Amino acid sequence: MRSLVIGYGNDLRSDDGAGRVVADRISALELPGVSVRSVMQLTPELALEMAEAETVVFVDASVDVSETTATRVVPDPEVQSAMSHYSTPERLLAMTATVGTPPSQAVAISIPVTDIGLGIELTPMTAIGVDQAVAMVEEIVTR
């Protein structure tokens with residue numbers, strides 16, 4: 001596998017499911033060499049799949065951004081304290097080095113949210129962010 005796209009979030013919490021919507025849309029494109037995972041949260045088991053990829057793209061909703069952004073992910077040096085059922089992109093990247101070769105490129109795409117209450121619909125702003133994130137992921141994995 002050349003690229004792994006991991007979309008994560010709670011799809012029962014309105015905009016929080018944006019990362020999973022992006023993952024589903026990328027999966028439907030059936031891009032060659034691209035594997036896609038849609039998960040509720042990041043777990044240590046994903047490090048095994050990451051060790052098989054050259055590029056990993058994490059996609060998630062975020063209350064901390066006002067526009068869809070892509071940032072480079074660097075390993076978290078505190079990986080030893082990260083062994084739990086939930087992780088972060090930085091910790092997973094560090095864990096990958098313990099099970100194989102880390103990907104040469106890791107990117108986190110953050111989509112802005114306005115509503116994380118119970119629901120399954122995305123708000124208009126987040127829906128636009130999803131469209132932008134899909135385009136960003138496509139660009140990253142087809143270079």
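Please treat every number below as a calculation from the coordinates, not as lab data. Everything quoted here is computed from the prediction, not taken from an experiment. Note that each Cβ is placed from the backbone with ideal geometry, even for glycine, and that neighbours are counted across all protein chains shown.
Across region 19-32, computed HN-Hα scalar couplings (Karplus, 6.51 cos²θ - 1.76 cosθ + 1.60, θ = phi - 60°) run x, 6, 5, 4, 4, 5, 5, 5, 4, 5, 6, 6, 5, x Hz from first to last residue, x flagging Gly and Pro. Proximity of backbone amide H atoms, modeled 1.01 Å from N, is registered between residue 58 and 6, 107, 108, 109 at under 5 Å, excluding neighbours fewer than 5 places apart on the same chain. Tilt of helix 124-141 relative to the longest C-alpha principal axis of the chain, in degrees (0 to 90, nearest 10)? The angle comes out near 30 degrees. Across the chain, Cα pairs under 8 Å and at least six residues apart give a relative contact order of 33 percent.
A cut-off under 9 angstrom between Cβ atoms defines the neighbours of residue 75, and their net charge, with Lys, Arg +1 and Asp, Glu -1, is -1. Charge tally around residue 121: other residues with Cβ under 13 Å, Lys/Arg +1 each, Asp/Glu -1 each, net -3. Positive contributions from Lys and Arg (+1) and negative ones from Asp and Glu (-1), summed over other residues with Cβ under 15 Å from the Cβ of residue 101, come out at -2. Relative to the longest principal axis of the Cα atoms of the chain, helix 89-99 runs at roughly 30 degrees.
For volume of the Cα convex hull per residue in Å³, which listed value, (i) 475; (ii) 123; (iii) 97, comes from the coordinates shown? Matching entry in (i) 475; (ii) 123; (iii) 97: (iii).
Ranked by the mean number of other Cβ atoms within 10 Å of their residues, highest first, the peptides 116-126, 91-101, 47-57 fall in the order 47-57, 91-101, 116-126. When each of 16, 131 is scored by the number of other beta-carbon atoms lying within 10 Å, the sequence from fewest to most is 131, 16.
The dipole here belongs to the chain: it is taken about the Cα centre, uses +1 on the Cβ of Lys and Arg and -1 on the Cβ of Asp and Glu, and is about 260 debye.
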